[in-house]
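As C-alpha cells, the structure follows; a few thoughts come after it.
Any read-out appearing in this document is the output of simple, stated calculations on the displayed coordinates, not a laboratory observation. Small disclaimer: the values here were computed from a predicted structure and weren't measured. Cβ coordinates were reconstructed from backbone atoms using ideal geometry, including for glycine residues, and neighbour counts include every protein chain displayed.
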Amino acid sequence: MRARTFLRKHSPGFQAMVIVVALVVFSSGCGRGSRSDKPPIHPNPNMDTQEKYKAQSESRFFPDGATMRTPVEHTVARGQLREDDAYYRGKLENGAFINTSPLNVTDEVRARGKERFMIFCKPCHGINGDGKGKILEYKYPIPPTSFYDEKVKNMPDGQIFDVITNGIRNMPSYRQQVPVYDRWCIIAHIRSLQERGLSAPDTLATVAPHQNEPGQ
Ligand code: HEC
C-alpha cells in the first residue's frame, strides 16, 4: 500500500519511469541472492565467446592436433623438486652411496620400519630377514638374499635404499609401494635385525606411530 501512495504523489511521467526501472531490475534477475540457471544478461557479451582451448579438446594450431602440451623437458611440478640427493636417492652429489641413513634413527623410526618391513619385505625375505619368506613355497626364480649375508651387512644404507627404490635383478622395485621416508625406516629395522643377530628373541618394538607421507 505504501508504494501506491508514494506513486500517487508523483506525476504520471515519474510513475512510468519508476515502473520501467522496477521491471528492468526484476526481469534481468540481478537482484541479490536470486538464483537462476539461465546465463546472466550481459549488456556487452563480446568476452563471453572468445576463442580458447579447453582441456582435452582438439587443436587446429598444433601439428599433433592436441590442445594439451607436454611440459618442457625437466619441468618439475611445484613442491616436487627433490634436491636432497642423500634423502631422495641415498647418494652423495658425486653419485656414491651414503653410508648412513639421513634420518635421526629413533625408536619411532625403527617401529615404523618394522611395521612396513612386515608388509613389504617379509613375504620374500622372511620375518627375521633370513631370506626364507613365504615366497619360497611358490617357486620364486631365486631365493631372496638373507640380510645376515656379509654382503648386505657391509652395504651402505644408501645402497639398500637404492635396492628398495629400483629393485635389483630378481627383486622388483618398491618405489611405488614404499615412500621415501618409509624406506629409511625399513633400513633402520634391517640394521636392528643385523645387530640383534638371527638367534636372539624378537624384542624389537611393534608400534607404528608415524603417518603415511603423501605422494612419494
Ligand atoms: C617379491 C620378493 C621380494 C620382496 C617383496 C623384497 N625382496 Fe629384496 N630381494 C628379493 C630377491 C629375489 C633378491 C635377490 C635378487 C637377486 O640377486 O637376483 C633380493 C635381494 C635384496 C637385497 C640384496 C641386494 C643385492 O645387492 O644383492 C636387499 C638389500 C633387499 N632385497 C632388500 C629388500 C627390502 C628392504 C625389501 C622390502 C622393502 C625387499 N627386499 C622386498 C626378493 C624380494
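Only helices enter the 222 nm calculation for the chain: every DSSP H run of n ≥ 4 contributes -39,500 (n - 2.57), and dividing by all residues gives -10500 deg cm²/dmol, rounded to 500.
Would you work out if segment 30-109 is rounded, prolate or oblate? Take a ≥ b ≥ c from the square roots of the eigenvalues of the alpha-carbon gyration tensor; rounded if a/c is under 1.5, else prolate when a/b is larger than b/c, oblate otherwise. The partial results should precede the final answer.
Details: a/c = 5.52, a/b = 2.13, b/c = 2.60.
Taking the square roots of the gyration eigenvalues as a ≥ b ≥ c, segment 30-109 is oblate.
All C-alpha to C-alpha distances of the chain, sorted into 5 Å bins beginning at zero, yield P(r) values of 1, 5, 9, 12, 11, 8, 5, 4, 4, 4, 5, 5, 5, 4, 4, 3, 3, 3, 2, 1, 1, 0 percent in whole numbers. When the charge dipole of the chain is built from unit charges on Cβ atoms (+1 for Lys and Arg, -1 for Asp and Glu) and taken about the Cα centre, the candidate among S36, Q194, V18 whose Cα reaches farthest toward its positive end is V18.
Is segment 144-194 rounded, prolate or oblate when judged by the Cα gyration tensor, a ≥ b ≥ c being the square roots of its eigenvalues, rounded requiring a/c under 1.5 and prolate requiring a/b larger than b/c? It is oblate, given that a/c is not under 1.5 and a/b is not larger than b/c. Over 21 Å apart at the Cα level, from the set K114/K139; K91/K134; K132/K153; K91/K114, are K114/K139; K91/K134; K91/K114. With one equal scatterer per alpha carbon and no solvent term, the Debye-computed log10 I(q)/I(0) for segment 63-180 at 0.18, 0.23 1/Å reads -1.05, -1.52.
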